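The values are calculated or read from the model by the stated rules, or taken from the named source; none is laboratory data. Given the structure is predicted, the values throughout are model-derived calculations rather than measurements. Cβ placement follows ideal geometry from the backbone for every residue including glycine, while neighbour counts extend to all protein chains displayed. These accessible areas exclude ligands, DNA and RNA; they are computed on the full protein's heavy atoms, side chains included. Shrake-Rupley method; radii C 1.70, N 1.55, O 1.52, S 1.80 Å.
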Amino acid sequence: MEETRRRSVLHFLITLVVLAGAGNGQLVENFYAGTCPMVEAIVRQTVVTKVGQTFTTIPATLRLFFHDCFVEGCDASVMISSPNGDAEKDAEDNLSLAGDGFDTVIKAKQAVESVCPGVVSCADVLAIAARDVVAQAGGPLFNVELGRRDGLISQASRVVGNLPDPTFNLIQLNTMFARNNLTELDMIALSGAHTLGFSHCNRFANRLYSFSPASTVDPSLNPAYARQLMAACPQSVDPNIAIDMDPETPRTFDNVYYQNLIAGKGLFTSDEVLFTDASSQPTVNDFANSPGDFNAAFGTAMKKLGRTGVKIGIQGEIRRDCTSFN
């Protein structure tokens, strides 16, 4: 009991220090140095175990982080479960979030709670886990800034209009990312997360069967790739069928996504436009040719994404259970 009280006091003092020096919601890498120094090792072990059970853990956790940060900020609001089915995770755009991402965060939080009860936020656990799944897939390992608190709002109605649509053009993408203090370079780098994971057919069917009056198939699609997609996703396809977003190396975090764009193998309109638009094409070419440039830009963009709308101090709480408010 005394140890728990001591940790709480230490955490409160560190929070005060962070608040004093960071009125804009700034985070720090060593936030839990005095209160839960093993937090990153604990989360990493959970991630490694979970990835060993199912590969879906990797894209699911990374996508969960992105969806969380773009709605209400990086505050684990996407983790909340509502008996009324009206929480953030219940919004139509979030129904395709794979359960393995949620399970990873829940298990990692439980492991952290067993060592440091009431200290580490679910938002920070998710941020650490997102970094770790990238590394598990062969991607870059970068430092994660910490100190977020968990949000107090989770509403499905607040999701609409805050997540990028697969039909977006470059202007629409840049506008949405700019709202979250992310540049075009950040947006192109974060789009590289599509080197992992899968998509349901209905998210890109318009590119195959009803693109425009002049052409039913999107002419920017590689013809052989279009035929491959049609074979996997016929018009009467089961809505639960999903295909790899990267047709070449779907289980490796690499720069092949950008090589695919150059070859006309971007799955979404919002993918392929990164190459077909003259403004973003030079960056796509750079990332396609230089894994180092991509990895560095991705790490930087993930850190910037992690600063989106963070709650500190009394703006949030430290949830004991990631799926419910205290």
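Beta carbons closer than 9 Å, at least 6 apart along the sequence or on distinct chains, never pair a first residue in the range 82-95 that is more than 11 Å from residue 160 (Cα to Cα) and acidic (Asp, Glu) with a second that is open to solvent by less than 40 Å² (accessible area, probe 1.4 Å) and modelled with pLDDT under 95. Selection within the range 279-315: residues that are modelled with pLDDT of 95 or more, within 30 Å of residue 326 (Cβ to Cβ) and of a type outside the set (D, E, K, R). The member of this set that is most open to solvent (accessible area, probe 1.4 Å) is 309. When residue 246 is tested against (1) open to solvent by less than 10 Å² (accessible area, probe 1.4 Å); (2) assigned to a helix (DSSP H, G or I); (3) of a type outside the set (Phe, Trp, Tyr), only condition (2) is not met.
When residue 119 is tested against (1) under 22 Å from residue 314 (Cα atoms); (2) part of a helix (DSSP H, G or I), only condition (2) is not met. Of all residues in the range 122-162, exactly one satisfies the criterion of being of a type in the set (Ser, Thr, Tyr) and outside any loop (DSSP other than H, G, I, E, B), namely 157.
Residues in the range 151-178 that are closer than 25 Å to residue 317 by Cβ and either among the small types (Gly, Ala, Ser) or without any contact (Cβ under 8 Å) to a residue 60 or more places away in the chain (or both): 151, 154, 156, 157. Does residue 261 satisfy the criteria of being open to solvent by less than 40 Å² (accessible area, probe 1.4 Å), more than 25 Å from the chain's Cα centre (by Cα) and free of Cβ contacts under 8 Å to residues at least 60 places away in the same chain? No; evaluated as a whole, the condition is false for this residue. Applying the criterion of being crowded, with 18+ Cβ neighbours inside 10 Å and touching a Lys or Arg at 6+ places or on another chain (Cβ under 9 Å) to the residues of the range 160-183, the residue that is farthest from residue 87 (Cα to Cα) is 182. Being over 27 Å from residue 137 (Cα atoms), in contact (Cβ under 8 Å) with a residue 60 or more places away in the chain and of a type in the set (Lys, Arg) is the requirement here; does residue 227 meet it? No.
If I filter the range 118-141 for residues that are surrounded by fewer than 19 Cβ atoms within 10 Å (Cβ to Cβ) and among the hydroxyl-bearing types (Ser, Thr, Tyr), do I get at least one hit? Looking for residues that are surrounded by fewer than 19 Cβ atoms within 10 Å (Cβ to Cβ) and among the hydroxyl-bearing types (Ser, Thr, Tyr), one finds none in the range 118-141, hence no. Against the numbered list (1) closer than 24 Å to residue 98 by Cα; (2) modelled with pLDDT of 95 or more; (3) open to solvent by 80 Å² or more (accessible area, probe 1.4 Å), residue 204 comes up short only at (3). Applying the set (1) touching a residue at least 40 places away in the same chain (Cβ under 8 Å); (2) crowded, with 16+ Cβ neighbours inside 10 Å to residue 252 leaves exactly one unmet item: (2). For the condition of a type in the set (Val, Ile, Thr) and closer than 13 Å to residue 152 by Cα, residue 323 qualifies. Would a scan of the range 233-241 turn up a residue that is in contact with an Asp or Glu (Cβ under 6 Å, 6 or more places away or on another chain), touching a residue at least 12 places away in the same chain (Cβ under 8 Å) and open to solvent by less than 40 Å² (accessible area, probe 1.4 Å)? Looking through the range 233-241, none of the residues is in contact with an Asp or Glu (Cβ under 6 Å, 6 or more places away or on another chain), touching a residue at least 12 places away in the same chain (Cβ under 8 Å) and open to solvent by less than 40 Å² (accessible area, probe 1.4 Å). Return the residues of the range 91-106 that are buried (at least 19 other Cβ atoms within 10 Å of the Cβ) and either aromatic (Phe, Trp, Tyr) or in a helix (DSSP H, G or I) (or both); say none if nothing qualifies. Those that are buried (at least 19 other Cβ atoms within 10 Å of the Cβ) and either aromatic (Phe, Trp, Tyr) or in a helix (DSSP H, G or I) (or both): 94, 100, 101, 102, 104, 105. Taking the range 288-307 as the range and being assigned to a loop (DSSP other than H, G, I, E, B), within 15 Å of residue 134 (Cβ to Cβ) and hydroxyl-bearing (Ser, Thr, Tyr) as the test, no residue passes.
Only residues that are over 23 Å from residue 194 (Cβ atoms), open to solvent by less than 40 Å² (accessible area, probe 1.4 Å) and of a type outside the set (A, V, I, L, M) were counted across the range 44-84, and they come to 4. Selection over the range 264-287 of residues that are among the hydroxyl-bearing types (Ser, Thr, Tyr), over 18 Å from the mean Cα position of the chain (by Cα) and part of a helix (DSSP H, G or I) gives a count of 3.
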